[in-house]
Amino acid sequence: MTFTFGIYPGGLLGDDIDVIEPVSPDDPALIEAALRELQGEAPTLLVRAYRPYPEGPGTPVEPERYAVEGRRLDLVLQFRDPTGDLDGWLDFVRRTVREEGHRVATLQICEEPNADRPALDGSTPNVRRALVRGVVAAKEEALAHGLDLAVGFNAVLSFDPADTFWAELGALADERFHRALDYVGLDFFPDVFRPVPPDRLAEVVGAVLTGFRRDSVAKAGIGPGVPIRICEHGWPTGPDRTESRQAEVVEEVVRTVVGLAGELAVEGYAFFSLRDADSAGTGAFDGFGLLRDDYTRKPAFEVYRRLVRELTVR
């Protein structure tokens, strides 16, 4: 199994309620330079991008400009139709595969469909069916056109013992879905929304990944041979959250994930995100970047660059 790294390069992001605009527009030239440096001699670096349905502005703008020099897209298709209608959605999925599949490495169907929050797909009616049918439609379209891309979906951690998402997904998932599914993604942010003592971070990361594989995913009937991808992981700087600690977290989490890759079939990791939305902000979502909002470096940028080189280039 080949382990790949990636990153979301845009400044726009969503919090629990709405979308947060960065204090300055994305700078494509500075993004390209940062991506090139992070990739180094690695054969690829996945560039995470989000595109909503019904169709509207995605982020980053024109992500295809970054899918060069061996880099490919980790493209997320978001199901945001308030009617829950699937016909147009499935047409959108198939058209995206046909038109853009040649630059896509991983195609994620729906964004956090188990998170019932306004800015996320879990709040959209019929999202579970959109997920199952979208995975099948995407894979069948890719195979029909000879395209080499992995189709999957992602989820967030749930701490609710009464959560029914995985069982409901398993009830909907038929043989076509299981045959089409190439990976399951996890978005997780340890020590961000729930504090974790520094000396327990690696232990918590290991427990989360193990529980996700052996409990959550298994409830949907998804077997241990289907790889896991870490689709979003980050640790923001801000008041009482230092840049030096961010660098330490990146190092410890990435090494822990890679160390468990063989045991738990983890095949990729993507950092969220390249730059801050607002480096002077005090909000929990303002400082996720490896770079500050003016594209100057935090220590974590060099740490991630070094890890990509060490753990992918032989």
query: How large is the helix-only mean residue ellipticity at 222 nm for the chain, computed as the sum of -39500 (n - 2.57) over DSSP H runs with n ≥ 4, divided by its residue count, in deg cm²/dmol to the nearest 500?
result: -10000 deg cm²/dmol
- prompt: Each residue of segment 174-188 in turn: what ³J(HN,Hα) in whole Hz from Karplus with 6.51, -1.76, 1.60 and θ = phi - 60°, glycine and Pro shown as x?
  reply: 9, 4, 4, 4, 5, 5, 7, 6, 9, 6, 10, x, 10, 9, 8
- prompt: Can you give the charge dipole size of segment 178-314 about its Cα centre, rounded to the nearest 20 debye, using +1 on the beta carbon of Lys and Arg and -1 on the beta carbon of Asp and Glu?
  reply: 440
message: Between segment 47-112 and segment 1-28, what is the separation of their alpha carbon centroids in Å?
response: 14
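Note down the magnitude of the dipole of the chain about its Cα centre, charges +1 on Lys and Arg C-beta and -1 on Asp and Glu C-beta and zero elsewhere, to the nearest 20 debye. Walk me through the intermediate numbers first.
Values: 35 positive and 53 negative charges, 182 e Å.
In debye, rounded to 20, the chain gives about 880.
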statement: Under the rule rounded for a/c under 1.5, else prolate if a/b exceeds b/c, else oblate, using alpha carbon gyration tensor axes a ≥ b ≥ c, the chain is classed as rounded
- line: Out of Asn154, Thr282, Ile222 - ranked by how far each Cα lies towards the positive end of the dipole of the chain, with unit charges on the beta-carbon of charged residues - the top one is Ile222
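No value in this document is a laboratory result; all are computed from the given coordinates. These numbers come from a predicted model, not from an experiment. Cβ: placed from backbone, ideal geometry, glycine included. Neighbour counts: every protein chain shown.
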